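Undergrad: Before I ask anything, here is the structure I am working with.
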Amino acid sequence: MAKVIVVTSGKGGVGKTTVVANLGCTLAKLGDKVCVIDADIGLKNLDVVLGLENRVVHTLLDVVNGKVSAQEALVKHKQQRNLYLLATSQVATKEMVSPEDMKAVVKALHPLFDYIIIDSPAGIERGFRNAVAPAELALIVTTPELPALSDADRVVGLLENLGFDEKAMKVVLNRFKPKMVKAGEMLTEQDVASTLALEIVGVIPDCEDVIIATNKGIPVVLNGDLGVARVFENVARRLKGETIPLDQDLAQVQEKGFLTFLRNLFTRKRS
Amino acid sequence: MDLVDFKMTKDGLVLVIKDYESIQVILDQIVSKLSQMKGFFAAGDKIMLMMERHEMHSHDIPRIVSLLRQHGIDVAQILIGDSFQNDLSSLSRMKLLEERETKSGTKVVKKHVRSGQAVVHSGDIVVLGNVHAGAELLAGGSIVVFGNVKGTLRAGLNEGDSAIIAALSMQPTLLQISGYILREVSSYEEPIVVHVKNGKIVVEKAKDVKF
């Protein structure tokens, strides 16, 4: 039976889709069977980030409308054979799917996977409710900025009203810039933890490789910054129940400057 | 003129209260409305409350809520909107945390109150947790928070000036005791008490406070 995780944030642009793609890849690398579902109907991105946009034949909407079964609509990832995508339609709207539909789709996929990760749209309206309905665990992605934190807190409140308890909600802190934190110009991970009063399961460094990887359609954990890949591995292991202190993420973040320098040196020599 | 009306929406029944001068008139009208609708409500029914100029009349909300509760009706949500003609379903809403009748008159909230959540109680409120930015507490009496406060606290809405607000630390959005409002409160990292002294609302460190 699969563990169903929704990745949400309230605010847009904080990196939900990137987290879903990379976490999905990482769990698949660790040997789990993973399905990622794009619930951002009408503004789909996940297929592009995974580099699968021209392989999508059927979408979530076809499944909901009964044209194909959920299993038939899945797209296998090119590199990660354990990773599957259920893409969504760009021409439909969020009102065409109900929370009950989402529950039914996820229920059909339940026996086939170890993890089902749902990419929620920004906002707290219908799309959010659709994405959240089938999930048992919510990952709230936020950046260390006040507007993102305020929206994240609102989302946590809404999730609480929907029956999620504090153990079923965890925070992923994205776009963390250690240099700015050191200079006292950015909120620290402790600030974020105390503002939201929830457990943080990952601190992901701000990294240019992520942008490059996103535009190439190859998640950064597959082909890019080693530090980021290790942080995502930590996140995945924490979700599996291992206790890895957050310092380990921060260590990747802090070493990163030097590591990248070394790596750049190497690549330059070789070329 | 009728200032009080029940409206049916797709999300449930909404008690709509128009802008008013005297709360007593509103309370009387609610009672007479309820007596007209006798038999319609069952004990424990949940409705929503919508008030025109909610900001102006927020101090009356606990009285309205407790009056409804006396008639066996729970207020589940408070709808907030600027334009009164708006489609009700589009309005933002404050969900009231579940509230059971307390024998002592004190409501104890054993969790963090988060953005978009509100606690409304006609007596005192004690929170074991934080009050986050965007959350609101409305108390007829005093408010004590064993945690950090970043949201809006309104105390003494029934009791008046003798109510106090106390918290372990504070960077609040707005503090109100009875009719006194304090904005732009500076940040306090130690236990503090807010109370009304000689017709003024004052903020004092808990260890220095003298009533």
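Undergrad: If a residue has to be assigned to a helix (DSSP H, G or I) and in contact (Cβ under 8 Å) with a residue 60 or more places away in the chain to count, how many in region A:1-40 make the cut?
TA: Filtering region A:1-40 down to residues assigned to a helix (DSSP H, G or I) leaves A:16-29.
From what's left, in contact (Cβ under 8 Å) with a residue 60 or more places away in the chain: A:16-27, A:29.
Count: 13.
Undergrad: If you don't mind, there's one more thing I want to ask. Can you go through B:Glu184, B:Glu190 and tell me which one is without any contact (Cβ under 8 Å) to a residue 12 or more places away in the chain, more than 16 Å from the chain's Cα centre (by Cα) and under 24 Å from A:Asp153 (Cα atoms)?
TA: Values: B:Glu190 fails: without any contact (Cβ under 8 Å) to a residue 12 or more places away in the chain.
Answer to the selection: B:Glu184.
Residue by residue, here is whether (1) β-branched (Val, Ile, Thr); (2) open to solvent by less than 10 Å² (accessible area, probe 1.4 Å) holds:
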| position | (1), (2) |
| --- | --- |
| A:Val4 | yes, yes |
| A:Lys29 | no, no |
| A:Val34 | yes, yes |
| A:Ile37 | yes, yes |
| A:Val64 | yes, no |
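Undergrad: Another question, then. Return the residues of region A:163-182 that are at negative phi and open to solvent by 70 Å² or more (accessible area, probe 1.4 Å); say none if nothing qualifies. Don't jump to the end; show me each part of the working.
TA: Restricting attention to region A:163-182, the residues satisfying the condition of being at negative phi are A:164-174, A:176-182.
Of everything in region A:163-182, those that are at negative phi and open to solvent by 70 Å² or more (accessible area, probe 1.4 Å) turn out to be A:Asp165, A:Glu166, A:Lys167, A:Lys177, A:Lys179, A:Lys182.
Undergrad: Same structure again: Would you please name the residue that is nearest to the other protein chains (Cβ to nearest Cβ), looking only at residues in region A:189-234 that are assigned to a helix (DSSP H, G or I) and β-branched (Val, Ile, Thr)? Lay out the reasoning, then the answer.
TA: First, pick out the residues of region A:189-234 that are assigned to a helix (DSSP H, G or I): A:189-196, A:208-216, A:226-234.
Add one more test, that the residue is β-branched (Val, Ile, Thr), and what stays is A:192, A:195, A:210-212, A:214, A:228, A:231.
Working: A:Val192: 13, A:Thr195: 7, A:Val210: 28, A:Ile211: 30, A:Ile212: 35, A:Thr214: 30, A:Val228: 30, A:Val231: 27 Å.
Top of the filtered list is A:Thr195.
Undergrad: Being more than 10 Å from chain A (Cβ to nearest Cβ), over 11 Å from B:Pro172 (Cβ atoms) and touching a residue at least 60 places away in the same chain (Cβ under 8 Å): is that true of B:Gly156 here?
TA: On the way: more than 10 Å from chain A (Cβ to nearest Cβ): yes; over 11 Å from B:Pro172 (Cβ atoms): yes; touching a residue at least 60 places away in the same chain (Cβ under 8 Å): no.
So B:Gly156 fails the test.
Undergrad: While we're on this one: Does B:Gly140 count as in contact with a His (Cβ under 9 Å, 6 or more places away or on another chain), open to solvent by 40 Å² or more (accessible area, probe 1.4 Å), modelled with pLDDT under 90 and farther than 30 Å from A:Gly10 by Cα?
TA: Numbers: in contact with a His (Cβ under 9 Å, 6 or more places away or on another chain): yes; open to solvent by 40 Å² or more (accessible area, probe 1.4 Å): no; modelled with pLDDT under 90: yes; farther than 30 Å from A:Gly10 by Cα: yes.
No; evaluated as a whole, the condition is false for this residue.
Undergrad: Let me ask something additional. Being part of a strand (DSSP E or B) and surrounded by fewer than 24 Cβ atoms within 10 Å (Cβ to Cβ) is the filter; apply it to region B:126-137 and report the residue that is nearest to the other protein chains (Cβ to nearest Cβ). Even if it seems obvious, please write down each step before you answer.
TA: Let us first name the residues in region B:126-137 that are part of a strand (DSSP E or B), namely B:126-127, B:131, B:136-137.
Then drop every residue that is not surrounded by fewer than 24 Cβ atoms within 10 Å (Cβ to Cβ), which leaves B:126, B:136.
Working: B:Val126: 17, B:Glu136: 12 Å.
In this case the residue turns out to be B:Glu136.
Undergrad: Go through region A:196-230 and count every residue that is closer than 30 Å to B:Gly129 by Cβ and open to solvent by less than 40 Å² (accessible area, probe 1.4 Å).
TA: Qualifying residue count for the region: 8.
Undergrad: Search region A:137-161 for residues that are polar (S, T, N, Q) and pair each with any residue that is in a loop (DSSP other than H, G, I, E, B) when their beta-carbon atoms are under 8 Å apart and the residues are at least 6 apart or on different chains.
TA: Here the result reads A:Thr142/A:Ser9; A:Thr142/A:Lys11; A:Thr142/A:Val14; A:Thr143/A:Val14; A:Thr143/A:Gly15; A:Ser150/B:Ser115; A:Ser150/B:Ala133; A:Ser150/B:Gly134, each pair linking region A:137-161 to a residue that is in a loop (DSSP other than H, G, I, E, B).
Undergrad: Going by what's in this entry, would B:Arg63 be described as open to solvent by less than 80 Å² (accessible area, probe 1.4 Å) and basic (Lys, Arg)?
TA: Numbers: open to solvent by less than 80 Å² (accessible area, probe 1.4 Å): no; basic (Lys, Arg): yes.
So B:Arg63 fails the test.
Undergrad: As an exercise: evaluate B:Asp11 against (1) at pLDDT below 85; (2) within 20 Å of the chain's Cα centre (by Cα); (3) closer than 30 Å to B:Leu174 by Cβ and give the number of the one condition it does not meet.
TA: Failed condition: (2).
The values are calculated or read from the model by the stated rules, or taken from the named source; none is laboratory data. What you are looking at is a predicted structure, and each value in this text was computed from that prediction instead of being measured. So basically every Cβ, Gly included, is an ideal-geometry build from the backbone, and we count neighbours across all protein chains shown. Ligands, DNA and RNA are stripped out before the accessible areas are found, and what is left, the full protein with its side chains, is counted by its heavy atoms. Shrake-Rupley method; radii C 1.70, N 1.55, O 1.52, S 1.80 Å.
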